[in-house]
1. Do any residues in the range 94-118 that are free of Cβ contacts under 8 Å to residues at least 60 places away in the same chain and within 17 Å of Ser181 (Cβ to Cβ) have Cβ atoms under 6 Å from those of residues that are in a helix (DSSP H, G or I) and not β-branched (Val, Ile, Thr), where the two are at least six apart or on different chains, and which pairs are they?
2. Restricting attention to the range 85-105, which residues are surrounded by fewer than 14 Cβ atoms within 10 Å (Cβ to Cβ), among the charged types (D, E, K, R) and over 19 Å from Gly72 (Cα atoms)?
3. Looking at Ile153, Ile168, can you tell me which residue is farther than 14 Å from Ala100 by Cβ, touching a helix residue (DSSP H, G or I) at 6+ places or on another chain (Cβ under 7 Å), assigned to a helix (DSSP H, G or I) and of a type in the set (A, V, I, L, M)?
4. Among the residues of the range 32-57, write down those that are in a helix (DSSP H, G or I), surrounded by 15 or more Cβ atoms within 10 Å (Cβ to Cβ) and free of Cβ contacts under 8 Å to residues at least 60 places away in the same chain.
5. Taking the condition in a helix (DSSP H, G or I) and either touching a residue at least 40 places away in the same chain (Cβ under 8 Å) or in contact with a Leu (Cβ under 7 Å, 6 or more places away or on another chain) (or both), does Glu187 pass?
6. Out of the range 58-83, which residues are of a type in the set (Gly, Ala, Ser), buried (at least 20 other Cβ atoms within 10 Å of the Cβ) and part of a helix (DSSP H, G or I)?
7. For Gly163, indicate whether it is out of contact with any Cys (no Cβ under 6 Å at 6 or more places or on another chain), surrounded by 14 or more Cβ atoms within 10 Å (Cβ to Cβ) and without any contact (Cβ under 8 Å) to a residue 24 or more places away in the chain.
8. Tally the residues that are surrounded by fewer than 16 Cβ atoms within 10 Å (Cβ to Cβ) and closer than 12 Å to Ala161 by Cα, restricting the search to the range 111-122.
Amino acid sequence: MELLSKGGFFMWPILLVSMAGLALILERAFTLWVRFRLDGRGLLAAVLDRVDRGDFPGALEECSRAAGHPLGRVLRAGLLKAHRSDREIEMAMEEEMLRAMPALRKRINYLATFGNIATLLGLLGTIFGLIQAFEGVSLADPAAKQEILAKGISVAMLTTAFGLIVAIPCLLAHSFLFNKSTQMIEEIEERAFAVYNKISSLHRDLESKETRLRMKAVEGGRRG
């Protein structure tokens, strides 16, 4: 508190920015590491096993257990369209993916803004501290000039330091959280593509069987 008082007015806005940044970092970390925690490989293996056996209700049930995670919702969207064309399945997954991305990256960009604001507030405090110092020196008597100048420079340096102390963690957290969300999005896309490929291969196998049956029926009709 003593340092905040010595740093002048701009120390308090920087403190508010630091509190907002810390709250956002904790909320996003909880969301990405706790709320959206999921064994994605296990879910994918269970869904692919069900689909491979033609048990689509069972595959949907597996996805419903992970309905709180974007991966579960994306896979479920594709499975609900499993009886439709490949294009419709792909579009359903892409649409659900577009809904999932904002939840993963929600408010992360604010951290970069907080970092920039803290830096600029520190710079502004520095400028005001120097102005205060030089104005005081110009009006003071020679005996007090050194003390006034030192006090003004102290205000300037404290606001600069505090602004950087707040800005650097905010920018680091922004980079770390953004990379984590990007990694999660890439994993969801990869696993969604695996399920899409499995359903698409079943479609091709079914079409191939139907084609062979039609050809046999035509050949039988010709022989008859």
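1. These pairs meet every condition: Glu96/Arg73; Glu96/Ala77.
2. Arg87
3. The unique qualifying residue is Ile153.
4. Residues satisfying the conditions are Ala46, Arg50, Phe56.
5. yes
6. Ala59, Gly72, Ala77, Gly78, listed by residue number.
7. No.
8. The number of residues fulfilling the criteria is 1.
Taken together, the values in this text are just the output of simple stated rules run on the coordinates, not laboratory data. Predicted model, so just to flag it, every value in this text is computed and none were measured. Cβ coordinates were reconstructed from backbone atoms using ideal geometry, including for glycine residues, and neighbour counts include every protein chain displayed.
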